[in-house]
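K.L.:
Here you go, one structure.
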Amino acid sequence: MKDVGIVNIFVILYYHFAKYAVVKRKWDRFRMQDANFSQIDGVIPQEIVEPSSVSEVQSMLDQAVKKKLSVIPAGNGSKLSIGNPPTQIDLLMTMRKFDKVVEYIPDDLTITVGSGMLLKDVQKILADNNQLLPTNPPYENDATIGGVVATNSSGPHRLRYGTTRDLVLGLRVVQASGTIIKAGGKVVKNVAGYDINKLYIASYGTLGIITEASFKLFPKPEIERTMLLTFSQHSKAIRVATEILKSQLLPVFVNFFSTGIPTTEVLDPCLLVGIDGHPETVSWQIDQINSIADLNGAVKIEVYKDQKQSELRSRLCAFPEGKWSDPVVICRINIRPSDVSDFISSVLDIVDPFSVHAMSHIGNGTVYLILSDFVEEQFDLLATILTILRNQVANIQGNLILETAPLGLKNLIDVWGEAGKKSQLMTQIKSKLDPTNILNPGRFVSGI
């Protein structure tokens, strides 16, 4: 099978938003007691398949093309709810058997792993060499490498290290045609043509099946500390966050919670601030943040380490899962960091009829909005409110994505929002790389 190293110019635009062989033994098929795979928006997969080699992936895709079967790629299924409702699911292809380390070179700070490997297992291996892959997305116990890459799922560490997209060095992908794409490399410095990794990252399984990923790594910090700053008003909390971010301090994360931290005793507006590094530097930064918080009306300032710190950081990473209530609507809003304060103020007024929790990676302008305590009869009202919020976000050059919602609500409002002029270009890329439209069809932006 020929490797392809160059993709056309559409790669840049997309970044901005084997022949069939009969296999004598059957592919691994199974019926699972796994709620993640039982259905997607009420649609039950006709078959769940679990390939264990690239050649099996190619054979499955070849048959899918010939029979015009839809294929939905999956890791552990933790993020399958994201996207438009599928019209049908002929094959749900889980990559969980691609769960091995392909190559790990500690001295080069690089690792290549199979797409089905759990992120938490990768971190355990790296910890033995005092290293880490600094992406800490939601579903930290369930997320696979392929799922994290395919959705560009990223956590609070993005402030210091960037998103998952920034950590990927190379990918190995099988296209719908069976062609194997090798993008990027296994070294930190790699310059050759377009960075086509970006084509597949955050493509939500619509362009190919990721089988391997290579990452750049970082040394673990000497010590870690987490500050919990509590306030009487959310505006004061955001003001302190802004002061920290524009100072010379180097926090790992600065996150705002509008109504406390769910499933904890913290109920008031607050900030979680992570400071990692050399002990003396960490101590100095804590003193500076204490001063900033005192001057701006913090009600309580606490510094944690060890178990309490671990619990708070886990709650922070898990916030976008919204597991403390059911049903929920989970929105991810991307705006300029300077617009976060005004946006959150307006949100709390507009969504007043419902229970609302907002959390923001303030330094990156990402806001997670979770609405709960509603009934089916309020779907029309919810759709109206979300449309108002989406228009408001669009007016400040941002976007609002509906990550989780009941099917009835998804039928009333577009999950992704308008793609505008990018829609035609994205459609062209999809038709070029998946001309028979078998990969996760209709579930991405503009019904791609």
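The values are calculated or read from the model by the stated rules, or taken from the named source; none is laboratory data. Computed from a prediction, not measured in an experiment: that's the story for all the values here. Backbone-built Cβ (ideal geometry, glycine too); neighbour counts: all protein chains shown.
K.L.:
Taking the range 418-448 on its own, how many of its residues are in a loop (DSSP other than H, G, I, E, B) and crowded, with 19+ Cβ neighbours inside 10 Å? Spell out how you get there, then give the answer.
P.N.:
Residues of the range 418-448 in a loop (DSSP other than H, G, I, E, B): 418-421, 434-438, 440-444, 448.
The next check asks that each one be crowded, with 19+ Cβ neighbours inside 10 Å; those that pass are 419, 434, 438, 440-441, 443-444, 448.
Qualifying residue count, the range 418-448: 8.
This table checks each residue for (1) in contact with a Lys or Arg (Cβ under 9 Å, 6 or more places away or on another chain); (2) closer than 29 Å to Val65 by Cβ.
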{"site": "Ala127", "(1), (2)": "yes, no"}
{"site": "Leu132", "(1), (2)": "yes, no"}
{"site": "Asp142", "(1), (2)": "yes, no"}
{"site": "Ala150", "(1), (2)": "yes, yes"}
{"site": "Arg160", "(1), (2)": "no, no"}
{"site": "Asp166", "(1), (2)": "yes, no"}
{"site": "Gly170", "(1), (2)": "yes, yes"}
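K.L.:
Next up: Looking only at residues that are buried (at least 16 other Cβ atoms within 10 Å of the Cβ) and among the β-branched types (Val, Ile, Thr) in the range 351-399, which one is farthest from Gly420 (Cα to Cα)?
P.N.:
Step by step, filter the range 351-399, then rank; the result is Val356.
To keep it simple, each residue is scored yes or no on (1) of a type in the set (Val, Ile, Thr); (2) touching a strand residue (DSSP E or B) at 6+ places or on another chain (Cβ under 7 Å); (3) within 15 Å of Phe257 (Cα to Cα).
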site: Arg313; (1), (2), (3): no, yes, yes
site: Lys323; (1), (2), (3): no, no, no
site: Ile333; (1), (2), (3): yes, yes, yes
site: Phe343; (1), (2), (3): no, yes, yes
site: Val347; (1), (2), (3): yes, yes, yes
site: Val356; (1), (2), (3): yes, yes, yes
site: Met359; (1), (2), (3): no, yes, yes
site: Leu369; (1), (2), (3): no, yes, yes
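K.L.:
Right, next: Go through Ile388, Ile330 for me and flag whichever is of a type in the set (Val, Ile, Thr) and in a strand (DSSP E or B). Break it down into steps so the answer makes sense when it comes.
P.N.:
Numbers: Ile388 fails: in a strand (DSSP E or B).
Being of a type in the set (Val, Ile, Thr) and in a strand (DSSP E or B) holds for just one of Ile388, Ile330, which is Ile330.
Here is a yes/no grid of residues against (1) over 16 Å from the mean Cα position of the chain (by Cα); (2) assigned to a loop (DSSP other than H, G, I, E, B); (3) in the same structural domain as Ser53 (by TED's automatic domain parsing):
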| position | (1), (2), (3) |
| --- | --- |
| Ser78 | no, yes, yes |
| Ser81 | no, yes, yes |
| Thr87 | yes, yes, yes |
| Met93 | yes, no, yes |
| Asp99 | yes, yes, yes |
| Tyr104 | yes, no, yes |
| Asp107 | yes, no, yes |
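K.L.:
Before we move on, is Leu312 surrounded by 19 or more Cβ atoms within 10 Å (Cβ to Cβ) and in the same structural domain as Leu228 (by TED's automatic domain parsing)? Spell out the reasoning first.
P.N.:
Details: surrounded by 19 or more Cβ atoms within 10 Å (Cβ to Cβ): yes; in the same structural domain as Leu228 (by TED's automatic domain parsing): yes.
Yes, satisfied.
K.L.:
What residue, of Ile301, Ile289, Ile238, is modelled with pLDDT of 95 or more and surrounded by 18 or more Cβ atoms within 10 Å (Cβ to Cβ)? First the steps, then the outcome.
P.N.:
Numbers: Ile301 fails: surrounded by 18 or more Cβ atoms within 10 Å (Cβ to Cβ); Ile238 fails: modelled with pLDDT of 95 or more.
Sole residue among the options that is modelled with pLDDT of 95 or more and surrounded by 18 or more Cβ atoms within 10 Å (Cβ to Cβ): Ile289.
K.L.:
Considering the range 227-251 alone, what residues qualify as being of a type outside the set (A, V, I, L, M) and either part of a helix (DSSP H, G or I) or not assigned by TED's automatic domain parsing to the domain that holds Gln288 (or both)?
P.N.:
Within the range 227-251, His234, Ser235, Lys236, Arg239, Thr242, Glu243, Lys246 meet the criteria.
K.L.:
Could you please tell me which pairs satisfy a Cβ distance under 6 Å, a separation of 6+ or placement on different chains, a first residue in the range 249-274 that is surrounded by 22 or more Cβ atoms within 10 Å (Cβ to Cβ), and a second residue that is of a type in the set (Asp, Glu)?
P.N.:
Here the result reads Val252/Asp276, each pair linking the range 249-274 to a residue that is of a type in the set (Asp, Glu).
K.L.:
Looking at the range 109-121, which of its residues are of a type in the set (S, T, N, Q) and either in a loop (DSSP other than H, G, I, E, B) or not assigned by TED's automatic domain parsing to the domain that holds Leu171 (or both)? Spell out the reasoning first.
P.N.:
Initial filter on the range 109-121 (of a type in the set (S, T, N, Q)): 110, 112, 115.
Of everything in the range 109-121, just one residue is of a type in the set (S, T, N, Q) and either in a loop (DSSP other than H, G, I, E, B) or not assigned by TED's automatic domain parsing to the domain that holds Leu171 (or both), namely Ser115.
K.L.:
Ok, one more. Scanning the range 181-204 for residues that are modelled with pLDDT of 50 or more and of a type in the set (Lys, Arg), which turns out surrounded by the fewest Cβ atoms within 10 Å (Cβ to Cβ)? So that I can check it myself, show each step before the final result.
P.N.:
Pass one, the range 181-204, residues modelled with pLDDT of 50 or more: 181-188, 194-204.
From the residues that got through so far, the ones that are of a type in the set (Lys, Arg) too are 182, 186, 198.
On the way: Lys182: 14, Lys186: 18, Lys198: 20.
That would be Lys182.
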